[in-house]
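Down below is the structure, laid out as structure tokens.
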Amino acid sequence: MQIRIKNLLKQSPVGSCVQVAGWIRTRRDTGGFSFLEVNDGSCLANIQVIAQGSLANYETEIKRLSAGCSVRVEGMLQTSPAKGQDVEILASGLTVVGWADPEHYPLQKKRHSFEFLREISHLRPRTNALGAVARVRSRLSYAIHTFFQERGFSQVHTPIITTSDCEGAGEMFQLTAMAAGDGPRGAEAREFFGRRAGLTVSGQLQAEVYAMALGDVYTFGPTFRAENSNTSRHLAEFWMIEPEMAFCDLARNMRVAEELLTYLLDDVMTHCAEDMDLFDRFIEKGLLTRLRGVMENEFARITYTEAVDRLLQAKKTFQYPVQWGIDLQSEHERYLTEEVFGRPLIVTDYPAAIKPFYMRVNDDVRTVAAMDILVPGIGEIIGGSQREERLEVLTARMEAAGINCEDYGWYLDLRRYGTVPHAGFGLGFERLIQFVSGMANIREVIPFPRTPGFAPC
Ligand code: ATP
Ligand code: MN
């Protein structure tokens, strides 16, 4: 029976007959037989296959195998004399499933740059690094659901098509419903929903609706931002995890966020040890030590006002000058978390003027109960807050922000009927994977990155 290489390495005894299927990484011939490295994507490791000259298709097929060809192999598992592997397969049969012309197959044995690999995003998961990212991403997704489900949170599927654009009017992709056949001439954008609609920039407002009924909820879905910022930390399409908790203040919100991050690091280091080791060796030296440090130390906490003081004291000139009231830029965030604290940092109580209308106004009136979590190497990984549950305060802030309260009747109703203190946050899934893998560019941690001018397949 066919077995995945990961399971084979874990459980198949030497001497047993096994069958694997995968893609050739390399072929090496010596004195009448060949060594084949086969990878099936179940794990980082390849299995070495010994194909002897006595195999019926040795001359006609096996000696023509090259990187990228797909094969099915059966044979006996035996102890391998070679360094770096315990077992190998002595093939009793090998079927070529699909050829890959070596003249054209773009993945050579040498290491390719990530920039080059982005141009072949349909093949890049076959490389060690991108395959490892894909497995780690899948595991983290699973661990996120486990974390919340085990704690009694319900997942809510918030809409991808949205008609509320509170957060970033400028960042929202707009939707039109041009029927087939509408050429540019007849392109009066037909308003399918009878009002402006776009792709969601956050599921938070709708998550609040469900928190006001189910208590603790979370969303985990795609998010879209038309921000024209070509940075190593922004995508036009990314995934976000947004828990929302009823009867919850900022303190519990921060605890859950810190617990979640620590849980995820622990989980991925346990269950993806081999892939994490690859990142540690080739992507970011010292990664595992850094992550263990994150797990062992509590996150630092300061208020925005303290953060500004620290920045003003810094013996360093920033590109963006610092004063109370500015939105912290990435250079400021990274200075604080990397140089001042050397560990993850939670910054709380930002000026009301730079934060969205739904964040709860503090007693000092000029700040809100916001919290951003900043991590070394990345900057902001989580943005969250306690939400404004007081109807009058909320409507006043919306009016001040020029938002039409009538469009948000449903949101305000939550404050009219059984309002409760509640809080939540948004964790960018790709920023998390960057943090965990050490990948410098966010484009490497999502299968098919979308950025300004780039969406090939
Ligand atoms: P930034 O200042 O870094 O642009 P933000 O303040 O716009 O972040 P939020 O609106 O608070 O971010 O979104 C919550 C989280 O989503 C962020 O902490 C970050 O992890 C992630 N995030 C935001 N924008 C993007 C993006 N364009 N691509 C990938 N992840 C993002
Ligand atoms: Mn942003």
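When only Cα pairs under 8 Å and 6 or more residues apart are kept, what is the percent relative contact order across region 229-329?
On the way: 24 pairs, mean separation 15.7, N = 101.
It comes to 16 percent, rounded to a whole number.
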Q. According to a simple spin-label model (label point 7 Å from Cα along Cα-to-Cβ), what is the distance in nm between Thr317 and Asn441?
A. 3.0 nm
Q) Could you state the per residue volume, in Å³, of the convex hull enclosing the Cα atoms of region 1-80? A) 93 Å³
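At 37 °C and a viscosity of 0.692 mPa s, what translational diffusion coefficient does Stokes-Einstein give for the chain, taking Rh as the Kirkwood radius over Cα pairs? Give it in µm²/s as a whole number. Mind showing how you got there, number by number?
Numbers: Rh = 25.1 Å.
Value of D from the Cα-based Kirkwood radius: 131 µm²/s.
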Q | Residue-wise HN-Hα coupling along region 415-422, computed from phi with Karplus coefficients 6.51, -1.76, 1.60 (Hz; x: Gly, Pro) | A | 8, 8, 10, x, 5, 9, x, 8
Q: Could you list which residues have their amide H under 5 Å from that of Ser80, counting only those 5 or more apart in sequence or on another chain, with H placed in the peptide plane?
A: Val87, Glu88
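When a/c reaches 1.5 or more, the comparison of a/b and b/c decides; with that in mind, is region 192-250 rounded, prolate or oblate per its Cα gyration tensor? Don't skip to the answer; put the middle values down first.
Working: a/c = 2.99, a/b = 1.44, b/c = 2.07.
In terms of gyration-tensor shape, oblate.
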Q | C-alpha center-to-center spacing [region 386-407, region 7-34] in angstrom | A | 64 Å
Q: Please work out the C-alpha center-to-center distance from region 122-147 to region 436-453 and express it in whole Å.
A: 12 Å
**Q.** In order through region 263-273: 3J(HN,Hα) via Karplus (6.51 cos²θ - 1.76 cosθ + 1.60), integer Hz, x for Gly, Pro
**A.** 4, 5, 4, 4, 4, 6, 5, 6, 9, 10, 4
Q. For region 272-316, what is the Kirkwood estimate of the hydrodynamic radius, computed as the reciprocal of the mean inverse distance between distinct Cα atoms, to one decimal in Å?
A. 13.1 Å
Q: Distance between Cα centroids, region 329-360 to region 220-277: provide it in whole Å.
A: 16 Å
(Q) What is the angle, in °, between the Cα long axis of helix 287-296 and the longest principal axis of the Cα atoms in the chain? Nearest 10 is fine, range 0 to 90. (A) 40 degrees
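Counting pairs of alpha carbon atoms under 8 Å apart in space and at least six apart in sequence, what relative contact order in percent does the chain give?
13 percent
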Q: Only Cα pairs under 8 Å and at least 6 apart count here; give the relative contact order of region 57-154 as a rounded whole percent.
A: 21 percent
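For the chain, what is the percent of antiparallel DSSP beta bridges, rounded to the nearest 5?
On the way: 68 of 78 bridges.
Among the beta bridges of the chain, antiparallel pairing accounts for roughly 85 percent.
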Q. Applying the Karplus parametrisation 6.51 cos²θ - 1.76 cosθ + 1.60 with θ = phi - 60° to the phi angles of region 365-379, what ³J(HN,Hα) value in whole Hz is obtained for each residue in order, glycine and proline being reported as x?
A. 6, 8, 10, 10, 7, 9, 8, 10, 9, 10, 10, x, x, 10, x
Q: Starting from the coordinates of the alpha-carbon atoms of region 1-150, obtain the Kirkwood hydrodynamic radius over all distinct pairs and give the value in Å to one decimal.
A: 16.6 Å
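Please report the antiparallel percentage of DSSP beta bridges with both residues in region 1-112, rounded to the nearest 5.
On the way: 30 of 34 bridges.
Bridges in region 1-112 are about 90 percent antiparallel.
Here, each number is a calculation from the coordinates, and none is a lab measurement. Owing to the predicted nature of the structure, the values given are computational and were not obtained by experimental measurement. Reconstructed Cβ throughout: ideal geometry from the backbone, glycine too, with neighbour counts over all protein chains shown.
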